[in-house]
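Here, each number is a calculation from the coordinates, and none is a lab measurement. Note that this is a predicted model, so its numbers are computed, not measured. Cβ sites come from the backbone with ideal geometry, for glycine too, and all protein chains shown count toward neighbours.
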Amino acid sequence: MEANMKVNKELLKGSTAVLVLTTLAKQDQYGYELIREIERQSEGVFAFKEGTLYPILHTLEAEGWVESYWQVHDGRKRKYYRITDKGKQHVKERKAEWQLFRTAVDRVIGEGGV
Amino acid sequence: MRIRERIEVQQFAASVCEHVKTGEMHKEIKAELYGHIEDHVETMMMSGASEEDAIRRAIQAMGDPTAIGKGLHAAHRPRTEWGLLILVLLLAGTGIFMMFNVDTVYKKLENGMYGLLDKQLFFAGTGIAIMAAFWFFDYRRLKRWSELFFAAGLVLLAISPLVAIKVNGVSAWIGIASLVIYVPRMAIILLIIGLSGMRPAYQLGWKEIALQFIFRGLLPVILFMQMGVYTEGVIYMAALVAVLVRMRIRWTQLVGILMAWIGLLLVTLYSSERLRDRLLSFMYAKDDPLGDGYYYTSTLKAIQDGDWWGNGFSAVNDWLSYIHTDTLLPYFIYCFGWVAGGGLIAMAVSFFYRTIKVSKKAREPFGQGLTAAIAALFMVQISWSVLMIIGLAPFTGVRLPFVSFGGTNTVTDFLLLGLLLSVYRRKDIIPRGSSSTARQAIR
């Protein structure tokens, strides 16, 4: 049980969670659509095992960062995910962290003057 | 044959769910996985793959079912609100310690009121057993009976004047065997469970909200007031407002209801001079320090004399009356000082703050309403009992939850805690497919 807990905490810290949240910030999506969108946006860099997306989505929901609802689309019932205000706030914080990190790396690498 | 009926697909979903221990989520998880695999298979078939091949590749693309299952299990485990539980145990522990303190004082005073500690231990023990039962019971089963609970609450209030024992002009106690039950408190529990089963407020039009207000608001409140139990009336008003707010009532309707409550309170106050004198005396306490203002004079003096560190365990105080209920908090401060008193108040306040957080996390309308009502009940009780002792609220029999002496009150405090823990426990194991939540999510 503890180990599982850890796995999910790791998931949330990882870049995938931010990637998922950022993608959902644009529009509500269901799992399959979301995977294809992330693949397309990252030009294939982020190609993970598709099933691993669901533990991430469900954990994000338990954290209150996304909420889900079922809706019929093209004759098929699909489970859509929507980002919450809390989720948006989290993305904002992570983006700020990322910017800081990137500027620091840029400075260090930049000094080498390649 | 549909793709989701194929044995390979079924097997994959089954081996994912094998690791998810809460069976209630299985159906929904499977439906989601099936949808994903079907989408993927169709895409591949459109670019010319055979169905057999597409299914095999789609399942392969999903990855290890064990890892997925374990990850999903972690997201859908029962949760425990430890913070809430620990705060309550600390509050109840303080209450039991205070009864020991009070017993010691009453023995010194020889007023014949001993044995409070034993009784309170019995109440708390019973309460904890009931709390545990409600905690592990699925609170959603109560929803089906919510109308019945509401009706039972009303009937209890209506018949109480006929069967109850009269104390201080209020017929509110019913004796069953050797137990004496405080009726308004029992009624309020039944009523708020009933209230939470109502149709979510955001779906209601003006006409329906007015109707609901009459039956779920005015009727019970008038019954409370007729019995002469104003505290419970006010607590119930707050609980109703909390349920409506939590279920996203339109703000114009909310303003309407708040105005109706204020109007009702004013009419009640100005219809009876006796009541006005009793309830508003806290505003003029200084003009009549030994008459109507005596309660406030006595509590303020006790608090002042408490100083930073208090007068010690079982310090005799001869001007406070009912130190096990009405003046428990000022007496606590008198004994243990401002620092400890501040600590106790901070514990009580963080307790009700956490109840609000539980309500925010509840996932379906019944749980949302129920926890909002319970949070409002504790909030009113705690803030009232603190404001009262410093002369900022009228003196009534309102108790500090879990701390003050009381049978019906202590037991039902724990019952309500059990319901809060039950809602929190299930917050991540409620499928989204359940119709009402699905509708609500769309807004």
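Within segment A:78-103, what residues put their amide N at less than 20 Å from the label point 7 Å along the Cα-to-Cβ vector of residue A:41? What the label zone holds, given the 20 Å backbone N cut-off, is A:79-102. Between residue B:49 and residue A:86, the C-beta separation translates, for a Förster distance of 60 Å, into a calculated FRET efficiency of about 0.90.
In segment A:13-93, what GluC sites (Glu not before Pro) fall in a loop by DSSP, with at most 11 other Cβ atoms inside 10 Å?
Here the GluC sites (Glu not before Pro) that fit, given the DSSP loop and packing criteria, are A:43.
In this simple spin-label approximation, residue B:210 and residue A:74 carry label points 7 Å from Cα along the Cα→Cβ vector, and these lie 4.9 nm apart.
Modelled spin-label separation between residue B:318 and residue B:180, with each label point placed 7 Å from Cα along the Cα-to-Cβ direction: 2.8 nm. With 21 Å as the cut-off, how large is the P(r) tail for segment B:54-169, expressed as percent of Cα-Cα pairs? Of all Cα-Cα pairs in segment B:54-169, 71 percent lie more than 21 Å apart. When you restrict to C-alpha pairs under 8 Å that are six or more residues apart and normalise by the size of chain B, the relative contact order lands at 23 percent. Each residue of segment B:207-224 was assigned a 3J(HN,Hα) from its phi angle through the Karplus curve 6.51 cos²θ - 1.76 cosθ + 1.60 (θ = phi - 60°); the sequence is 5, 5, 5, 5, 5, 4, 5, 5, 7, 9, x, 4, 4, x, 5, 5, 4, 4 Hz, with glycine and proline shown as x. Could you give the distance between the Cα centres of segment B:212-241 and segment B:43-57, to the whole Å? Answer, in whole Å: 64.
For the pair residue B:110 and residue B:165 in one chain, pulling the backbone fully straight at 0.36 nm per residue adds 17.1 nm over the alpha carbon distance. Calculate the FRET efficiency for residue A:27 and residue B:61 from the Cβ-Cβ distance with a Förster distance of 35 Å, rounded to the nearest 0.05. Computed FRET efficiency for residue A:27 and residue B:61: 0.90. Computed over segment B:293-438, the alpha-carbon pair-distance distribution with 5 angstrom bins reads 2, 10, 17, 18, 16, 12, 9, 7, 5, 3, 2, 1, 0, each value a whole percent. Checking the cross-link pairs A:79/B:21; A:95/B:30; A:86/B:207; A:88/B:207 against a 27 Å limit on the alpha carbon distance flags A:95/B:30; A:86/B:207; A:88/B:207 as lying beyond it.
For the segment B:70-83, counting C-beta atoms of other chains within 10 Å of every residue's C-beta and taking the mean gives 5. Label point 7 Å out from residue B:1 along Cα-to-Cβ: which residues of segment B:24-68 have amide N under 11 Å? Answer for segment B:24-68: B:52.
Whole-Hz Karplus values for segment B:12-21 come out as 4, 4, 5, 6, 5, 5, 3, 8, 8, 6 Hz, taken residue by residue from phi with 6.51 cos²θ - 1.76 cosθ + 1.60 and θ = phi - 60°; glycine and proline positions read x. Could you pull out the longest piece of chain B with no exposed loop GluC sites (Glu not before Pro) in it, calling a site exposed if DSSP puts it outside H, G, I, E, B and it has at most 15 other Cβ atoms within 10 Å? Between exposed loop sites, the widest span is B:111-443.
Phi-derived couplings, Karplus 6.51 cos²θ - 1.76 cosθ + 1.60 at θ = phi - 60°, listed residue by residue for segment B:304-319: 4, 5, x, 6, 4, 10, x, 9, x, 4, 6, 5, 7, 10, 9, 10 Hz, with x used for Gly and Pro.
At a Förster radius of 22 Å, what calculated FRET efficiency corresponds to the Cβ-Cβ distance of residue B:338 and residue B:294, to the nearest 0.05?
The pair residue B:338/residue B:294 has a calculated efficiency of 0.45.
For chain B, the spread of Cα positions along the three principal axes, ordered from largest to smallest, is 94, 50, 42 Å.
In chain B, helical runs assigned H by DSSP with n ≥ 4 each contribute -39500 (n - 2.57); averaged across all residues and rounded to the nearest 500, the mean residue ellipticity at 222 nm is -22500 deg cm²/dmol. Treating the Cα atoms of segment B:1-121 as identical point scatterers in vacuum, please give the log10 of the normalised Debye intensity I(q)/I(0) at q = 0.13, 0.18, 0.19 Å⁻¹, two decimals. Evaluating at q = 0.13, 0.18, 0.19 Å⁻¹ gives log10 I(q)/I(0) of -0.65, -0.92, -0.97. With both labels modelled 7 Å from their Cα along Cα-to-Cβ, the residue B:357 to residue B:100 distance reads 3.0 nm. Proximity of backbone amide H atoms, modeled 1.01 Å from N, is registered between residue A:29 and A:81 at under 5 Å, excluding neighbours fewer than 5 places apart on the same chain.
If you count, for every residue in B:33-44, the Cβ atoms of partner chains within 10 Å of its Cβ, what is the mean?
4
Derived from the Cα gyration tensor, the three semi-axes of the equivalent ellipsoid of the protein assembly as shown are 54, 27, 22 Å, largest first.
Amide H contacts under 5 Å for residue B:172: B:165, B:167, restricted to partners 5 or more places along the chain or on a different chain, H placed in the peptide plane at 1.01 Å from N.
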